[in-house]
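Written out below as structure tokens is the structure these notes cover.
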Amino acid sequence: MVGTSTLRIAWRNLWRNGRRTALAVSAIGLSVTLVLAYDGILRAYGDWILATLTGPMLGHVQAHAPVWRQDRAVDRTLGHASRTVETLRRDPEVASASARVYAPALAALAEEGFAVLVVGVDEAAEARPLRLLAGVSKPLGDRRVLMGRPLAELMGVREGDQIALVGQGADGSLANDLFTVAALLETPVDLVNRQGVIMDLAEAQTLFALSDEAHEVVIHARDPARVKALAARLAALPELAGAEVLDWQALAPEMLSMVELLRVAGIFVLVLVFLAAAAGVANTMLMSTFERTHELGMLLALGVKPARIARIILAESIALGLSGALLGAALGIGLVALTHQTGIDYAALTGGGPSAISFGGLRWSLVLHPTLAAADVVRAVAAVVVTAILAALWPALRAARLQPARALRE
Amino acid sequence: MQAMLLSLVLAGPAATPPDVQALLRRLDDLYRSKSSIARIEILATNPRATRSLRLKAWTRGEEQVLVVIEAPPREVGTATLRVGENLWNYLPRIARTIRVPPSMMLGSWMGTDFTNDDLVKESSLRKDFTTRVDRRSESPPGWWLALEVKPEVVGRWARIEILVSDGDLPVEERHFDRKGRLARTMRFDEVKLLGGRRVPSHIVLTPADTEGQKTEMRYLEVQFDVPISDDTFSLSRLEQNR
């Protein structure tokens, strides 16, 4: 449709007024850069919410015995937990899977009892980065447990102390034993810090009279964007027959709305860049066609078809928009890449406030790591090009409809 | 007309509302007297499992209770001591005595539908509630008492209804929570002569919200007003030779 000669002519025309074109290109470039930087931060927010929410405690998908989430009865468990976890770990879309046991108990250093929540975990799985026990190096097992630091401070427990744990076993019997607090723990999860006693899974099963059972199987997906399909597929596994399998969106709907909000914010900003690019392109193209009325009239008089004139102007506009968009994309990608590694420390930006905030029962670090997806870049560039075409329609039509005789007189 | 008069006369004595305070005192005292020693069997049932316990319980006055588990073997010697508002559990397996914190008061007592709170609060009906005769019950013949919690009292129940038979024995108790919902029902039956008193020997506690769950309590033997030494209700005794 548009020949190379048209493109060559359009490109040459564009740089006849170099300063104006450079100005338009940089305006478009700047707005694209800003959009990409903003996209990068939005994406960082989204990832940050998802990672904080699903990383340590929730996971992307959870399986429980039905009704357990309502009454948390110790005897509502998933059977053959180790086989289930083994099967899940072999699934190509599952990044990690681990079983947990939860049981309320009374903990006491001396005579005074305190309400705690015993969490039996697979330490190897939970000690990975971003997981519940990330960075914990003290081994569990051998009747060693970890205790949330605020809980320990409340109870007056120090590392190495021996505590008694008393609870109710799955068979209704009294669960009680002595454990040594190997280390005090600060996890991103408030509940665990304030009430948690972390125990080796097998020891928790023994203490609470459970066999190879678990209250919860937590699954992290390789691709968090596809958890719905993953949850549906895993629910159909024979190992999870009869279990309640839910993705994090069903488990934490209030957090989902936060993520949705970010998506809306992204679209809003895209509309802004549309407007900025449209103004830049339309202005430049209108000016340049008005200036060239005489010249365009001459071309028409010489027999150049109006359609070709329109194509040239359209090509100029697209070239202008694309130059700006590509420049902006390069700058935007560079900016995000620069901040991705180090992250943006909100605490430092606000002048040495707290390094983390508590919200929704979770501890949120205030360092964001901007990232971009290819889709963000393509979307921004495409938006500018589409805008350039729309903005050039009127100047192109006007040029094509010029009366050669009248145009030549200008 | 004559028939009406006759029926009024016949219904007369039974239809006289009872003296509420006297009745409550009697109910409070029924299983306890000044002091008591009882052997009790408890059967806790939920849809998935059944569990039985045998206990020996000592009480003295309104404030002192000691319960020691005698069976099953795995839990022999496990004890609960109540003195006033305080509750301790003694666990022989780890040889520890642990005070139950206020936050655990509503937790299950030894895996039954009774709560720790039930052990502590059982004597405070007269103190914490205003009581009136609510309505007549025909079958069984008796009176429904309505107990409304006093505004300044912080507790689990907003209202308790007790059906007392004309023989002055409890038949049924309904506990309503702070939102006015029926939370659980206790039924008293199998009236027997225990320690020289006629009392219902079998109590069934049914929580309203959980299908197929209940706890049954059966008094096997009771001795009333026997001397019990002071140190029975002490921590040191709790930890000794149980």
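A few notes on this one:
- A:ALA170 vs. criteria in contact with a Leu (Cβ under 6 Å, 6 or more places away or on another chain), assigned to a loop (DSSP other than H, G, I, E, B) and within 14 Å of chain B (Cβ to nearest Cβ): yes
- Among (1) more than 23 Å from A:VAL264 (Cα to Cα); (2) in contact (Cβ under 8 Å) with a residue 40 or more places away in the chain; (3) not small (Gly, Ala, Ser), the one test that A:VAL384 misses: (1)
- Meets criteria (away from chain B (no Cβ under 14 Å) and under 27 Å from A:PHE359 (Cβ atoms)) for A:ALA182: no
- Residue in segment B:37-55 that is nearest to B:ASP225 (Cα to Cα), counting only those that are buried (at least 20 other Cβ atoms within 10 Å of the Cβ) and more than 11 Å from chain A (Cβ to nearest Cβ): B:ALA38
- Residues within segment A:185-203 that are crowded, with 24+ Cβ neighbours inside 10 Å, in a helix (DSSP H, G or I) and at pLDDT 95 or above, tallied: 1
- Within segment B:136-155, the only residue that satisfies the criterion of being within 17 Å of the chain's Cα centre (by Cα) and touching a residue at least 40 places away in the same chain (Cβ under 8 Å) is B:LEU145.
- Enumeration of residues in segment A:217-240 that are farther than 24 Å from A:ALA373 by Cβ and touching a strand residue (DSSP E or B) at 6+ places or on another chain (Cβ under 7 Å): A:VAL217, A:VAL218, A:LEU234, A:ALA235, A:LEU240
One line per residue, one yes/no per condition, for (1) at positive phi; (2) over 45 Å from the mean Cα position of the chain (by Cα); (3) hydrophobic (A, V, I, L, M, F, W, C):
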position: A:ALA282; (1), (2), (3): no, no, yes
position: A:MET287; (1), (2), (3): no, no, yes
position: A:LEU300; (1), (2), (3): no, yes, yes
position: A:LYS305; (1), (2), (3): no, yes, no
position: A:SER317; (1), (2), (3): no, no, no
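- In a residue-by-residue description of segment A:79-100, the property of being farther than 27 Å from A:MET258 by Cα, within 14 Å of chain B (Cβ to nearest Cβ) and over 28 Å from the mean Cα position of the chain (by Cα) applies to at least one position.
- Among residues of segment A:101-137, those that are part of a loop (DSSP other than H, G, I, E, B) and more than 14 Å from chain B (Cβ to nearest Cβ), counted: 12
- Residue check for A:ALA214: at pLDDT 95 or above and either away from every other protein chain (no Cβ under 14 Å) or over 29 Å from B:THR45 (Cα atoms) (or both): yes
- The condition (being part of a helix (DSSP H, G or I) and free of Cβ contacts under 8 Å to residues at least 12 places away in the same chain) is satisfied by just one residue among A:LEU338, A:LEU397: A:LEU338.
- Being out of contact with any helix residue (DSSP H, G or I) (no Cβ under 9 Å at 6 or more places or on another chain), touching a residue at least 40 places away in the same chain (Cβ under 8 Å), among the aliphatic types (A, V, I, L, M) and not in a loop (DSSP other than H, G, I, E, B) holds for only one residue in B:VAL171, B:VAL133, B:VAL199, B:VAL191, and it is B:VAL199.
- When residues of segment B:202-218 are limited to those that are in a loop (DSSP other than H, G, I, E, B) and out of contact with any Lys or Arg (no Cβ under 8 Å at 6 or more places or on another chain), the one surrounded by the most Cβ atoms within 10 Å (Cβ to Cβ): B:GLN213
- Residue in segment B:150-168 that is farthest from B:THR130 (Cα to Cα), counting only those that are surrounded by fewer than 19 Cβ atoms within 10 Å (Cβ to Cβ) and among the hydrophobic types (A, V, I, L, M, F, W, C): B:VAL154
- Any chance A:VAL94 is in contact (Cβ under 8 Å) with a residue 60 or more places away in the chain, in the same structural domain as A:GLN168 (by TED's automatic domain parsing) and crowded, with 22+ Cβ neighbours inside 10 Å: no
The values are calculated or read from the model by the stated rules, or taken from the named source; none is laboratory data. Owing to the predicted nature of the structure, the values given are computational and were not obtained by experimental measurement. Heads up, the Cβs are rebuilt from the backbone with ideal geometry, glycines too, and the neighbour counts pull from every protein chain shown.
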